1. Would you pick out the residues in the stretch 1-28 that are at pLDDT 80 or above and not β-branched (Val, Ile, Thr)?
2. Any residue that is modelled with pLDDT of 80 or more and assigned to a loop (DSSP other than H, G, I, E, B) - is there at least one of those in the stretch 29-40?
3. Only residues that are open to solvent by 10 Å² or more (accessible area, probe 1.4 Å) and of a type in the set (S, T, N, Q): list them for the stretch 126-152, please.
4. Could you look through the stretch 394-410, keep only residues that are modelled with pLDDT of 85 or more and open to solvent by 50 Å² or more (accessible area, probe 1.4 Å), and pick out the one that is nearest to residue 299 (Cα to Cα)?
5. Sort through 40, 47 and tell me the only one that's free of Cβ contacts under 8 Å to residues at least 12 places away in the same chain, open to solvent by 30 Å² or more (accessible area, probe 1.4 Å) and of a type outside the set (Lys, Arg).
6. What number of residues within the stretch 229-266 are buried (at least 21 other Cβ atoms within 10 Å of the Cβ) and within 19 Å of residue 163 (Cβ to Cβ)?
7. Quick one: in the stretch 370-389, which of the residues that are within 18 Å of residue 224 (Cα to Cα) and open to solvent by less than 20 Å² (accessible area, probe 1.4 Å) is farthest from the chain's Cα centre (by Cα)?
8. Go through the stretch 206-284 and tell me which helices (runs of 4 or more DSSP H), entirely inside it, have 1 or more residues that are in contact with an Asp or Glu (Cβ under 9 Å, 6 or more places away or on another chain), at pLDDT below 80 and farther than 30 Å from residue 337 by Cβ.
Amino acid sequence: MTTLSMILRVGPLLAIILIDSIGYTIVVPVLAAALIGDQPLMMAAAPAGLRYLVYGVALGLYELVMLYAAPVLGEISDRIGRKRILILCMLGMALSFALIGGAIAYNLVALLLIGRFIGGTTAGSQAVAQAAAVDASSSQTRALTLSLCLFASSLGFIVGPLIGGAFSHDAAAVLSDFILPMALTAGGALIGLVLIATTFQEAREPPAQADPTPINLLMGVAGFRAALRDPAIRHLMLVFGLMQTAWGTYFLFLPSLVLNRFGEDAGTISLLMATLGIGFCIAYGLCLPVLEKRFDPRAIATWSLWSTAGLIAASLAVPRLDLLWIIAFPTAITVSVAYGAIITLFSRSVSDDRQGWVLGIAIAINALVWGLSSILNGALSAISYLAPFGLCLATLAASAFLMSSPKASPAATRQI
């Protein structure tokens, strides 16, 4: 199967991943400008430390709720099919952004948090769409399929910040400039819902014999217990968790670094984040597919993690924004190559009928560490805008060290 035919086959799924990624990234520059910019639109009379904390909580709440919801939605999609879960996710995303827009319009922090909570509850579309794409691939094309999914996600890391920053540029922003990106994202989610409902066909039928385990709210806990019982998956969970703690800190608090050290605004932040997105696309569209043909994913991940740690350390030492910009581009490439290699290792660790579950676990780990680090680093930023980056470098070095350690042996079974 050629790359073009694979893209056409999983096209609706790639569109869903793109829409979800745009929604994820558009929030960062908008909330940064609305809460922690020089002229905050929300909580303008509150102390800066409190606004930083609310910024971290608003970002982190989504992640912490997704921590639990993503594995549950992935597990349910393994049982009843991907289509209905993807429709639910798009509906939740649309409602979430409608509420966030209302929160900004009326300066209601509670409504902002409710919107982020609903968004996190239905934020399983990345894992479920990736699992559906794997369903449509063969063992020979699985790595290519996952690279396409990550490439689609990376495009969202370009488009989302550009849309958010273009409207919320500090120098000329008015209230509608903050609300319109939220409305556009909600509309995009509704388009994704219609696209999946009308064009997507399941590539894998749900099991003919129903799983006797009931679907309930404790399913996510059971899924994590099963993952932790498997030595290979447990090792990957630890490596991935440390890596994403580091990258989440860097990505979410890079706006703070730019605002404080260089005195720039949301427009510059958005362009810098879009530059990262271009690096993501190059990594997933070019570098990772080439590397995976020549090297083992574990070796790829190890060297990419060490390279990322060195580049981030260098970026913190530079005195000029242009130098930070130059270093950010290869940093995005190396961290994306590491991410893609680790996701491939997750996918290879289970059978075909457990892809939704294991990719949901990976998404949940990402959510957990991004959520906790957002809140923690929001508090640390009140002390110093550089404090979060100490945690970033420490956890990234630990991840690289563990990735280079001997591979854990797979467990005999991976069933919940």
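The values are calculated or read from the model by the stated rules, or taken from the named source; none is laboratory data. No experiment lies behind these values; they were computed from the predicted model shown. Cβ placement follows ideal geometry from the backbone for every residue including glycine, while neighbour counts extend to all protein chains displayed. Each accessible area value is taken on the protein alone, full model and side chains, heavy atoms only, with ligands, DNA and RNA left out. Shrake-Rupley method; radii C 1.70, N 1.55, O 1.52, S 1.80 Å.
1. Of everything in the stretch 1-28, those that are at pLDDT 80 or above and not β-branched (Val, Ile, Thr) turn out to be 11, 12, 13, 14, 15, 18, 20, 21, 23, 24.
2. yes
3. 126, 137, 138, 139, 140, 141
4. Initial filter on the stretch 394-410 (modelled with pLDDT of 85 or more): 394-404.
Adding the requirement that they be open to solvent by 50 Å² or more (accessible area, probe 1.4 Å) leaves 394, 401, 404.
Details: 394: 20, 401: 12, 404: 8 Å.
It comes out as 404.
5. Details: 40 fails: open to solvent by 30 Å² or more (accessible area, probe 1.4 Å).
That would be 47, the only listed residue that is free of Cβ contacts under 8 Å to residues at least 12 places away in the same chain, open to solvent by 30 Å² or more (accessible area, probe 1.4 Å) and of a type outside the set (Lys, Arg).
6. 6
7. We begin by selecting, within the stretch 370-389, every residue within 18 Å of residue 224 (Cα to Cα); these are 370-372.
Add one more test, that the residue is open to solvent by less than 20 Å² (accessible area, probe 1.4 Å), and what stays is 370-371.
On the way: 370: 9, 371: 11 Å.
Here the residue is 371.
8. Working: elements: 219-229, 231-262, 266-282.
Here the list reads 219-229.
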